[in-house]
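The values are calculated or read from the model by the stated rules, or taken from the named source; none is laboratory data. It should be emphasised that the depicted structure is a prediction, and the values quoted were computed from it without experimental measurement. No Cβ is skipped: glycine too gets one built from the backbone with ideal geometry, and neighbour counts run over all protein chains shown.
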């Protein structure tokens, strides 16, 4: 059978509670999908790139004098960590335009990193070159988001894997806010594993070990950003959001320094279009699951459980 057929079988057995057969079908589908990717592109947080990022930031940058009137709100984290519902909450505000998953920042960063990375870090003996590069990223990014802002002061950029580029965000766009969505290790990893991704960039998603390692490395990198940029990143804990949504949303808007509005508390009523794997969930009121989705599959998830740090 092909990938689609195995996934159809998985959904059938999952729906009817035959979890052993369901997992077997899903595992076969994911092994077939993973085999379509070159091994070297699966690990998207490359160890060497992570090392270079840590060696490169923070960078002391002078104030920008470009009279920018738009403040981006970056929503980052693992796929399936609550980034979509967080965007729905934020862009429920009348002064915020929800722009979804924008590839602009990564495009600009990847365009120039080959010029400024040496073997260990950004070339620090050419500060004027670094500043020029950062200004270029800034001006190109702002130019693109201005076309989407619809006259609003704030826009959301919900590309989850932008957590890799927080050093660039803090250096290029000091007016930006960064919201990190954090969800339980097992909930996120299982949700990723059972999803058939259409988007590029999620090649790590078809192996339990790849997903678990990716999750742990993303937490490690976030901790580094929080260390060098204290009080600059707001953590949106999914557990808190579903257990006490009102106080969590109030706290979020205090960080954003935007007065909260009523629609922000009812994101399921927001008409903003969602084009991600969470498009059906965000149209429901915020709720807490009684039983984790991964629990019936626990006996098959030992590789993940061995990697779980939270």
*Select the helices (runs of 4 or more DSSP H) contained entirely in the stretch 164-269, then report the ones holding at least 1 residues which are in contact with a strand residue (DSSP E or B) (Cβ under 7 Å, 6 or more places away or on another chain) and more than 21 Å from residue 104 (Cβ to Cβ).*
208-228, 238-243, 245-256
*asked:* Can you say whether residue 262 is surrounded by fewer than 16 Cβ atoms within 10 Å (Cβ to Cβ) and either within 30 Å of residue 4 (Cα to Cα) or modelled with pLDDT under 95 (or both), as far as the supplied structure shows?
replied: yes
_Whichever residue in the stretch 161-192 is closer than 26 Å to residue 4 by Cα and touching a helix residue (DSSP H, G or I) at 6+ places or on another chain (Cβ under 6 Å) and, among such residues, is surrounded by the most Cβ atoms within 10 Å (Cβ to Cβ)_ = 189
*Could you list, in sequence order, the residues of the stretch 198-212 that are farther than 24 Å from residue 73 by Cβ and touching a helix residue (DSSP H, G or I) at 6+ places or on another chain (Cβ under 8 Å)?*
203, 204, 205, 206, 207, 208, 209, 210, 211, 212
*Can you name the number of the only condition in (1) touching a helix residue (DSSP H, G or I) at 6+ places or on another chain (Cβ under 8 Å); (2) at pLDDT below 75 that residue 48 fails?*
(1)
*Looking at 134, 148, which one is at pLDDT below 95, over 30 Å from residue 37 (Cα atoms) and not in a loop (DSSP other than H, G, I, E, B)?*
134
